[in-house]
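J.: Mind having a look at this structure? Questions to follow.
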Amino acid sequence: MSFSEETLMAYADGELAPPEREQVERAMQGDPELAARVARHQALRSDVFAAFAPVLDEPVPARLAAAALPDKVADLAA
């Protein structure tokens, strides 16, 4: 069975519906190259999350909060 890179990325991201996810899993059991492609997508996903994880802990700059939520920021400042 052949899967697009988009489908394999969606599998690696946990975004496939159960029937399609199961198809990919069955196909990987019999196809080492497919399993390697999925592993590359999973590794890339892990690398991207690791690269940006520290940003999640940073506070939102006040100027961005004010631009995104002007009413809320004005209420907090009052």
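J.: Looking at the range 32-78, which of the residues that are over 16 Å from Thr7 (Cα atoms) and of a type in the set (Val, Ile, Thr) is surrounded by the most Cβ atoms within 10 Å (Cβ to Cβ)?
T.: Step one: list which residues in the range 32-78 are over 16 Å from Thr7 (Cα atoms), which gives 32, 46-78.
Within this subset, residues satisfying the condition of being of a type in the set (Val, Ile, Thr) are 48, 55, 60, 73.
On the way: Val48: 10, Val55: 7, Val60: 10, Val73: 16.
Restricting to residues being over 16 Å from Thr7 (Cα atoms) and of a type in the set (Val, Ile, Thr), the top hit is Val73.
J.: Can you name every residue in the range 1-31 that is open to solvent by 60 Å² or more (accessible area, probe 1.4 Å), free of Cβ contacts under 8 Å to residues at least 24 places away in the same chain and part of a loop (DSSP other than H, G, I, E, B)?
T.: If the condition is that a residue be open to solvent by 60 Å² or more (accessible area, probe 1.4 Å), free of Cβ contacts under 8 Å to residues at least 24 places away in the same chain and part of a loop (DSSP other than H, G, I, E, B), then Ser2, Gly14, Glu15 are the ones that fit.
The values are calculated or read from the model by the stated rules, or taken from the named source; none is laboratory data. Predicted model, so just to flag it, every value in this text is computed and none were measured. Note that each Cβ is placed from the backbone with ideal geometry, even for glycine, and that neighbours are counted across all protein chains shown. Only protein heavy atoms, including side chains, enter the accessible area calculation; ligands, DNA and RNA are left aside. Shrake-Rupley method; radii C 1.70, N 1.55, O 1.52, S 1.80 Å.
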